[in-house]
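Peer 1: Before anything else, here's the structure in question.
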Amino acid sequence: KQYHFRYFVYTKNILFIVPTLWPETIFADVALAVHPDDKRYKKLIKNKVIIPIINKAIPIITDDSVDPTKGTGIIRITPAHDKKSLMIAQKNGLKIDKFAIDKSGCFTKSAGDFCGKEAKGFVKNIVKNLDDIHNLESTKQVEKEVAVHKKTGEKAWPLLCNQLFIKIEKE
């Protein structure tokens, strides 16, 4: 499913519709990004938007890799849970270690009242919560490739972490 959420621009009566396949990582957003030449958002660059549910302000930034013709032309920057977001965050000097979900699959303190809850079982609760506070614009089925766990077949959450590689030489 693809969800379309409303992010309100801080101190203005303007909102952005932002699509996502990962509503459970919304708590780790560090920015929203638009293409620098996208005229729809030119006046709002460097303003802030409010992350729904937790009411935290994050900046609206620009990046050339954002495709203005795809979706609403806005992407969430969630570097701890997405590779493209990580690269954009690093280029813009944004925080990259804000996790919504930890290694055990539970929400972190970034998730506010959801902290400590198992993320897998709370996706519907998050979507319902967003709908209750009028931040859910729409939901639709889409064809997309999403990583799944080999054994369970469930959607696998991307999670930024250090990797350890050991070089072994043959004798």
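Peer 1: Show the residue pairs that are 6+ apart or on different chains and have beta-carbon atoms under 6 Å apart, the first residue being within the range 1-16 and touching a residue at least 12 places away in the same chain (Cβ under 8 Å), the second being surrounded by 17 or more Cβ atoms within 10 Å (Cβ to Cβ) and basic (Lys, Arg).
Peer 2: TYR10/LYS48
Peer 1: Output the residues belonging to the range 21-50 that are open to solvent by less than 10 Å² (accessible area, probe 1.4 Å) and either in contact with a strand residue (DSSP E or B) (Cβ under 6 Å, 6 or more places away or on another chain) or in a strand (DSSP E or B) (or both).
Peer 2: Scanning the range 21-50 gives PRO23, ASP29, ALA31, LEU32, ALA33, VAL34, VAL49.
Peer 1: Shifting gears a bit: Against the condition surrounded by fewer than 18 Cβ atoms within 10 Å (Cβ to Cβ), without any contact (Cβ under 8 Å) to a residue 60 or more places away in the chain, farther than 27 Å from ASN129 by Cβ and out of contact with any strand residue (DSSP E or B) (no Cβ under 6 Å at 6 or more places or on another chain), how does LYS56 come out, does it pass?
Peer 2: Spelling it out, it is not the case that LYS56 is surrounded by fewer than 18 Cβ atoms within 10 Å (Cβ to Cβ), without any contact (Cβ under 8 Å) to a residue 60 or more places away in the chain, farther than 27 Å from ASN129 by Cβ and out of contact with any strand residue (DSSP E or B) (no Cβ under 6 Å at 6 or more places or on another chain).
Peer 1: With the structure loaded, tell me whether LYS128 is touching a residue at least 24 places away in the same chain (Cβ under 8 Å) and either assigned to a helix (DSSP H, G or I) or under 23 Å from HIS4 (Cα atoms) (or both) or whether it fails that test.
Peer 2: no
The values are calculated or read from the model by the stated rules, or taken from the named source; none is laboratory data. Predicted, not measured: the structure shown is a model, and the values here were computed from it. Backbone-built Cβ (ideal geometry, glycine too); neighbour counts: all protein chains shown. When the accessible area is computed, the model is the full protein with side chains, heavy atoms only, and any ligands, DNA or RNA have been set aside. Shrake-Rupley method; radii C 1.70, N 1.55, O 1.52, S 1.80 Å.
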